[in-house]
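Below: one structure, written as structure tokens.
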Amino acid sequence: MEFSKVLVTGGAGFMGSHVVDALIERGYEVVVIDNLSAGSLSFLEGAFRQQKIPLPPSRPA
């Protein structure tokens, strides 16, 4: 059995974002869950730029 979609918790952290990039390079569809308490969306800019993962919904002001 082979999977093509992967869930990465903490994917907006430094290490998690590298895992996300590696999985995308290997052809996986990646879903990221992160509460951004220590991570940053800026770590996922490459994935956003390539449009390999969807942008998160905007937060209310």
Please work out if GLY39 is outside any strand (DSSP E or B), crowded, with 18+ Cβ neighbours inside 10 Å and either modelled with pLDDT under 75 or of a type outside the set (A, V, I, L, M) (or both).
yes
Result of the Cβ filter at 7 Å on the range 4-31, keeping first residues that are open to solvent by 100 Å² or more (accessible area, probe 1.4 Å) and partners that are part of a helix (DSSP H, G or I), at least 6 apart or interchain, is PHE14/PHE43
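The values are calculated or read from the model by the stated rules, or taken from the named source; none is laboratory data. Computed from a prediction, not measured in an experiment: that's the story for all the values here. We place every Cβ from the backbone using ideal geometry, glycine too, and count neighbours over all the protein chains shown. Ligands, DNA and RNA are excluded from the accessible area calculation, which covers all protein heavy atoms including side chains. Shrake-Rupley method; radii C 1.70, N 1.55, O 1.52, S 1.80 Å.
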